[in-house]
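Working notes, beginning with the structure itself.
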Amino acid sequence: MSDSDQKGQAGSSSSRPPYRIAYALSPKKVESFIQPSLLHLTHQRGIHLFPLHLSKPLLDQPPFDCLIHKLSHPDWIHQLLLFLSHHPHIPVIDHPHDIHRLHNRITMLQVVNHLNLTSTQLSLSIPNQLFLDTPQSLLHTLASKHIQFPLIAKPLLADGTAASHQMSLVFNEEGLRALSLNPPFVLQEFVNHGGVIFKVYVAGRHIQCVKRKSLPDISEDKLGVSENLLPFSQISNLTAQEQTDQSVAKLMEEAELPPSSFVNEVATQLRQALNLNLFNFDMIRDSKNQSEVSNNCESVV
């Protein structure tokens, strides 16, 4: 190939219009993810990443080749479905119908029991849990379902709002009576897991597993003398002081990640079962039998 041919091809490539990716994110998400380094990288790859104007109808926005979103309010979902009816071939990550099941802490985990994992050394399960839409006869229901203290009480809805992250660790019946969460909510048995949670991020076929600090283990001795109720928010969020704490650093260093082959198989099958391309899920390692436990799944950007 001559130099003139190579220059011609280079000129043709450089004049190719950029691939336009629009995003619709909350201000907090924009601050976290839309960093100058990301914009620089997308520019190098021939991608134009730009925000949508949420005050304008989606159908009136500038044209784009792909849409990434992390909004769930009804008006946005209505606009998004209307847009998809007019432009069914434009990729939307992810479709609101597929994300919807992740807004419910019961339906988000239903697919886990149907995964066909090939691992013979590790198993994956969901902690025993109970959905309650009324506080009446709560203790009787717990006994009939053989669910034991301590428990984590979580709002049923997991829609990304601050209220959806407000949880409580319930140590006994008195704590359950003092629970301030409004029904409906989910009660899930607390599983000792060494104080470490494994967050798995999935972006298409790209999978990344990281370690995060979690709630500490609860011994039977502590269960008998601890407070009745302990409210908390997202268990994998650390303050700046905690992140630099030597004991936390040692805990993170000593914690062993699940085998990558196992994580990849779980993530791949979840992606296929949920029909999602951008999400994360949490796993913990049961301290008692060393099996892996899945306790959360979220749509993320």
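The values are calculated or read from the model by the stated rules, or taken from the named source; none is laboratory data. Keep in mind it's a predicted model, so treat the numbers as computed, not measured. Every residue, glycine among them, receives a Cβ derived from its backbone with ideal geometry; neighbour counts consider all protein chains shown. Heavy atoms of the whole protein, side chains included, go into the accessibility calculation; ligands, DNA and RNA do not. Shrake-Rupley method; radii C 1.70, N 1.55, O 1.52, S 1.80 Å.
Quick notes on this structure:
- Residue within the stretch 275-284 that is in a helix (DSSP H, G or I) and in contact with a His (Cβ under 8 Å, 6 or more places away or on another chain) present: no
- Among the residues listed as Val200, Val191, Val210, the single one being open to solvent by less than 20 Å² (accessible area, probe 1.4 Å), among the aliphatic types (A, V, I, L, M) and modelled with pLDDT of 90 or more: Val200
- For the stretch 151-192, taking the residues that are acidic (Asp, Glu) and outside any loop (DSSP other than H, G, I, E, B), the one that is farthest from Arg285 (Cα to Cα) is identified as Glu174.
- Considering residues of the stretch 139-167 that are among the small types (Gly, Ala, Ser) and modelled with pLDDT of 85 or more only, the residue farthest from Leu71 (Cα to Cα): Ala153
- When the stretch 213-250 is filtered for residues that are closer than 19 Å to Asn295 by Cβ, modelled with pLDDT under 85 and not hydroxyl-bearing (Ser, Thr, Tyr), the ones remaining, listed by number, are Phe232, Gln234, Ile235, Asn237, Leu238.
- Flag for Leu54 being open to solvent by less than 60 Å² (accessible area, probe 1.4 Å) and closer than 21 Å to Leu84 by Cβ: no
- Members of the stretch 13-31 found to be open to solvent by less than 70 Å² (accessible area, probe 1.4 Å) and within 21 Å of the chain's Cα centre (by Cα), listed by number: Tyr23, Ala24, Leu25, Ser26, Lys29, Val30
- Looking only at residues of the stretch 259-279 that are touching a strand residue (DSSP E or B) at 6+ places or on another chain (Cβ under 9 Å) and open to solvent by 10 Å² or more (accessible area, probe 1.4 Å), we find that the one that is farthest from His95 (Cα to Cα) is Ser260.
- The stretch 59-83 - residue that is out of contact with any strand residue (DSSP E or B) (no Cβ under 6 Å at 6 or more places or on another chain) and not in a helix (DSSP H, G or I) and, of those, least open to solvent (accessible area, probe 1.4 Å): Gln61
- Residue ID - surrounded by the fewest Cβ atoms within 10 Å (Cβ to Cβ), chosen from residues in the stretch 84-114 that are part of a loop (DSSP other than H, G, I, E, B) and modelled with pLDDT of 95 or more: His89
- The residue that is least open to solvent (accessible area, probe 1.4 Å), among those in the stretch 149-188 that are more than 26 Å from Asp217 (Cβ to Cβ) and in contact with a Lys or Arg (Cβ under 9 Å, 6 or more places away or on another chain), is Leu156.
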